[in-house]
Structures are given as C-alpha cells and as structure tokens.
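In what follows, a single structure is set out as structure tokens and then discussed.
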Amino acid sequence: MLLLRGVPGRLRQVVVRDRCYLIPRADGHVLVGSTMEEAGFDSGTTEEAREDLRAFATGLMPELGNLAVERHWAGLRPGSPEGVPFVGPVPGVAGLYLNTGHFRNGFATGPASARLVTDLLLGRAPSLDPAPYAPPAAAPGPDRAALVLDSV
Ligand SMILES: Cc1cc2nc3c(=O)[nH]c(=O)nc-3n(C[C@H](O)[C@H](O)[C@H](O)COP(=O)(O)OP(=O)(O)OC[C@H]3O[C@@H](n4cnc5c(N)ncnc54)[C@H](O)[C@@H]3O)c2cc1C
C-alpha cells in the first residue's frame with residue numbers, strides 16, 4: 001500500500017481499475033493499493049511494489065505524481081490452501097476454534113464468520129451450515145495446537 005499526502009477535494013471518489021484502486025481520505029490523503037504476492041509471513045515492502053503502485057496512480061491521475069509518499073506498508077492476507085476459510089472447532093484439540101483464511105475477503109466475510117464461530121462456541125444453532133468451513137483434524141504429536149496452526 002502507498003499513502004500519498006494530498007489536499008482535500010482533489011479526488012472525490014474511489015477509483016478501481018483491474019486489481020488496483022485509489023481511495024480518497026477525508027484529510028486529502030490518497031490511498032493507493034494494492035499488490036499481491038505469496039510471501040509467507042514476510043510483511044516487508046519492496047521498491048518495485050512502491051514504483052508499480054506509483055505508476056498505477058499517476059497513470060490514472062498524473063498530478064498524484066507530485067504528492068509525497070506519507071507511508072508505504074504491506075499487509076498479510078491469511079489464506080487457506082483451498083481458498084475456503086476455516087471457521088469452527090479443530091477436531092482433536094479441545095477448546096481450540098479457528099476463524100481464519102479469509103484472504104482478500106476478510107472485511108466482507110468477517111461479520112458472518114464471526115457470527116458462525118460465536119454460534120459454535122456458544123452451542124447455538126448455527127446461522128449457516130458450518131460443514132464447508134470445518135478446520136482440518138489436528139496432526140498427532142505432543143504439541144498438536146502448534147502443528148495445526150502451522151498447517152494453516
Ligand atoms: C492490502 C489489503 C487489502 C485488503 N482489502 C480487502 C477488502 O477490500 N475487502 C475485504 O473483505 N478484505 C480485504 N482484505 C483482507 C482482510 O484484511 C483480511 O481478510 C482480514 O484482515 C483477515 O482477518 P483475520 O482476523 O483472519 O487476520 P488478520 O487481520 O491478519 O489478524 C490477525 C491478527 O493476529 C495478530 N497476530 C498474528 N500473529 C500473532 C501472534 N503470534 N500472537 C498474537 N497475535 C498475533 C496480528 O497482529 C493480527 O492482529 C485486504 C487485505 C490487504 C492486506
């Protein structure tokens with residue numbers, strides 16, 4: 001992500017093209033996103049990503065090239081191997097529940113998955129069928145919780 005130091009009113013709406021977007025903030029700053037790469041747990045930034053995002057921004061709105069970069073950072077999008085989030089109890093590890101693997105959609109799916117995991121924790125009738133989201137069984141071993149989390 002890049003945050004450009006702008007002035008209020010120059011960009012008035014979100015602009016999306018392909019996988020990138022410009023988001024105006026109330027203080028005039030412009031958020032430019034985003035890149036996607038398989039990086040494990042590395043949330044470091046690269047010069048290449050910074051330049052790609054800047055080129056995208058100035059390609060859409062040349063005057064953005066005059067703005068200073070206020071911040072440049074990377075966020076992780078925790079994903080699951082099949083692209084389906086894990087929500088629910090981990091078989092074989094009493095008391096361990098997961099709600100993760102939402103990848104690019106965690107804001108959008110958060111309310112529903114939080115509701116589902118809460119229903120399961122409290123033993124209520126679940127708000128939707130939990131079967132597709134059931135976490136995999138824990139691997140056998142002395143530290144099973146750690147092994148399950150590693151596999152996620
Ligand atoms: C650039 C970007 C743009 C995105 N845009 C969208 C979007 O437009 N719409 C959308 O729906 N989703 C979007 N997402 C995805 C969304 O951010 C994620 O799906 C969501 O944040 C996942 O939520 P989570 O709680 O599973 O994981 P996270 O939000 O990653 O939360 C995990 C938490 O665990 C903490 N943690 C990690 N390790 C430890 C540890 N060892 N001990 C204690 N705490 C720990 C972390 O600090 C963090 O607070 C975007 C993600 C990125 C990076």
Practice problem: Under 8 Å between Cβ atoms, at least 6 apart or on separate chains: pull out the pairs that start in region 98-125 with a residue that is closer than 13 Å to residue 88 by Cα and touching a residue at least 12 places away in the same chain (Cβ under 8 Å) and end on any residue that is more than 10 Å from the ligand (Cβ to nearest atom) and among the aromatic types (Phe, Trp, Tyr). | Solution: 113/133; 116/133; 117/97; 120/97; 121/97
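Answer yes or no: is there a residue in region 30-43 that is among the β-branched types (Val, Ile, Thr), under 21 Å from residue 103 (Cβ atoms) and in contact with a strand residue (DSSP E or B) (Cβ under 7 Å, 6 or more places away or on another chain).
Step one: list which residues in region 30-43 are among the β-branched types (Val, Ile, Thr), which gives 30, 32, 35.
Cutting the leftovers down to under 21 Å from residue 103 (Cβ atoms) gives us 32, 35.
Now drop any that are not in contact with a strand residue (DSSP E or B) (Cβ under 7 Å, 6 or more places away or on another chain), which leaves 32.
Scanning region 30-43, I find at least one residue that is among the β-branched types (Val, Ile, Thr), under 21 Å from residue 103 (Cβ atoms) and in contact with a strand residue (DSSP E or B) (Cβ under 7 Å, 6 or more places away or on another chain), so the answer is yes.
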Quiz item: Between a first residue in region 1-13 that is over 14 Å from residue 63 (Cβ atoms) and a second residue that is aromatic (Phe, Trp, Tyr), which pairs have beta carbons less than 7 Å apart while being 6 or more apart in sequence or on different chains?
Solution: 1/73
Quiz item: Looking only at region 76-97, which residues are without any contact (Cβ under 8 Å) to a residue 40 or more places away in the chain and over 22 Å from the mean Cα position of the chain (by Cα)?
Solution: 94, 95
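Evaluate the following for residue 108: is it surrounded by fewer than 14 Cβ atoms within 10 Å (Cβ to Cβ), under 29 Å from residue 19 (Cα atoms) and of a type in the set (Gly, Ala, Ser)?
Values: surrounded by fewer than 14 Cβ atoms within 10 Å (Cβ to Cβ): yes; under 29 Å from residue 19 (Cα atoms): yes; of a type in the set (Gly, Ala, Ser): yes.
So residue 108 fits the description; yes.
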Self-check item: Unmet requirement for residue 83, which otherwise passes all of (1) closer than 26 Å to residue 35 by Cα; (2) surrounded by 15 or more Cβ atoms within 10 Å (Cβ to Cβ); (3) away from the ligand (no atom under 11 Å from the Cβ)
Solution: (2)
Quiz item: Among the residues of region 53-80, which ones are within 11 Å of the ligand (Cβ to nearest atom) and in a loop (DSSP other than H, G, I, E, B)?
Solution: 73, 74, 75, 76, 77, 78, 80
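Each value in this text was obtained by applying a stated rule to the coordinates, not by laboratory testing. The shown structure was predicted, so the numbers you read here are calculated from the model rather than taken from an experiment. No Cβ is skipped: glycine too gets one built from the backbone with ideal geometry, and neighbour counts run over all protein chains shown.
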